[in-house]
Amino acid sequence: MREFGYQRADDVSGAVALLAADPDARFLGGGTNLVDLMKTGVERPARLVDVRELPLDAIEETADGGLRIGATVTNSDLAAHPEVRRRYPALTQAVLAGASGQLRNMATVGGNLLQRTRCGYFTDLSKPCNKRAPGSGCSAVTGEHHNHAVLGASDHCVAVHPSDMGVALAAFDAVVGYETLDGPGELPLADFYLPVGDTPHRETALPAGALITGVTLPPAPVAARSRYRKVRERASYAFAIGSAAAALDVEDGVVREARLAFGAVASRPWRARAAEAVLTGAPADGDTFAAAADAELAAARPLPDNGYKVTLMRNLAVAVLTELAEETAR
């Protein structure tokens, strides 16, 4: 790791100003991803602007009945918060599935959204990677890609986004708040992550130098009955090979409202809107759930060694939706 400067920000505007004054600086929250990337040489900031002590660590109810989660709230505090557990249980489950207790104590909500892919070629400086070195090529397309994208990828990048938390946030229409030198702004999570296209190194729509200040969850009664399920290659804190966040509102055996998002299948948390359209107004049964999963996965374009993900995600979606429907019927 090369030498770098360090400065602790006193307030939000000061943090933004510090980054604006040094284009090679980076914001530091918990450091659970950034510091690792600095060790491997993928990230080489000249200065770290520590934002951990900024007053962004609260979880508060919004005027319309949603929740606003500060950017420096730790994953541990987010998962344990009683209102998160009551109103958005899938979010709690996603956070708890994401990492060890020690990492959750350090990792922050803002940092979780901005974490980079865990693709082995991205972190290996000896291999071409368009996300790390634009124009160099994507080693995974013809190399090791069993845990890479089957939805929304391109020939330029097939890496997946690693966040568990982001999958639940995507299902519940979260909105990301940020601060720039020009003032505050917001981005729906649906627009926060950019499509891969031919510029996989451009990962988010955040303005240059912006500091994430929080995430707002709008009121969603359906979210109170929600689940997050994750499939991984080992039980102990591995990244997902497939995951799903789902919520169902069922009345008289018919789906009135559905939320569904997939993880570990694309470069961003994947909102399954085609599946939701099939579910809404249909019988809450296995045939409907399978048809919904098939509708979403019809767009899948697997590589030679990751086609299993299509079957895995179909089965996972059906399983979690069935579980929610059976709970509703009790």
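Quick notes on this one:
- A simple count of charges around Thr62, restricted to other residues whose Cβ falls under 14 Å of its Cβ and scoring Lys, Arg +1 and Asp, Glu -1, yields -4.
- Arg232 accessible area, 1.4 Å probe, all protein chains in place, Å² to nearest 10: 70 Å²
- Average accessible area per residue (Å²) across the chain - probe 1.4 Å, nucleic acids and ligands excluded: 43 Å²
- For the pair Ala205 and Arg234, label points projected 7 Å from Cα toward Cβ lie 3.9 nm apart.
- Relative contact order (%) - criterion: Cα under 8 Å, at least six apart; region: the range 216-278: 24 percent
- Cα long-axis angle, helix 286-297 against the chain (0 to 90 degrees, to the nearest 10): 40 degrees
- Apolar share of the accessible surface for the chain: 50 percent from carbon plus sulfur atoms, 1.4 Å probe.
- Summed residue charge, Cβ within 13 Å of Asp173's Cβ, Lys/Arg positive, Asp/Glu negative: -2
- Chymotrypsin sites (Phe, Trp or Tyr not before Pro) restricted to DSSP loop in the range 210-301 with at most 16 other C-beta within 10 Å: Tyr237
- Spatial extent of the chain: Rg and Dmax, with the Cα atoms as the point set, Å: 19.6, 64
- Computed over neighbours whose Cβ is under 10 Å from that of Val255, the net charge equals -4, Lys and Arg +1, Asp and Glu -1.
- Here the convex hull built on the C-alpha positions of the range 5-52 has a volume of 59 cubic angstrom per residue.
- For the residues Lys127, Lys230, Lys39, a GNM of the chain with alpha-carbon springs under 10 Å puts the largest fluctuation on Lys39.
- Alpha-carbon centroid distance for the pair the range 287-330 / the range 138-164, whole angstrom: 20 Å
- Debye-sum result for the range 107-188 in log10 I(q)/I(0), which assumes one identical scatterer on each alpha carbon, at q = 0.17, 0.22, 0.23 Å⁻¹: -0.82, -1.04, -1.07
- Modelled label positions at Ser136 and Asp36, each set 7 Å beyond Cα in the direction of Cβ, lie 1.9 nm from each other.
- Scaling the Cα radius of gyration of the range 263-319 by the globular reference 2.2 N^0.38 Å produces a ratio of 1.12.
The values are calculated or read from the model by the stated rules, or taken from the named source; none is laboratory data. Here the structure is a predicted model, which means the values were calculated and not measured. Because the Cβ atoms are built from the backbone with ideal geometry, glycine has one as well, and the counts that use them run over all protein chains shown. Side chains are part of the model used for accessible areas, which takes the heavy atoms of the whole protein and leaves out ligands, DNA and RNA. Shrake-Rupley method; radii C 1.70, N 1.55, O 1.52, S 1.80 Å.
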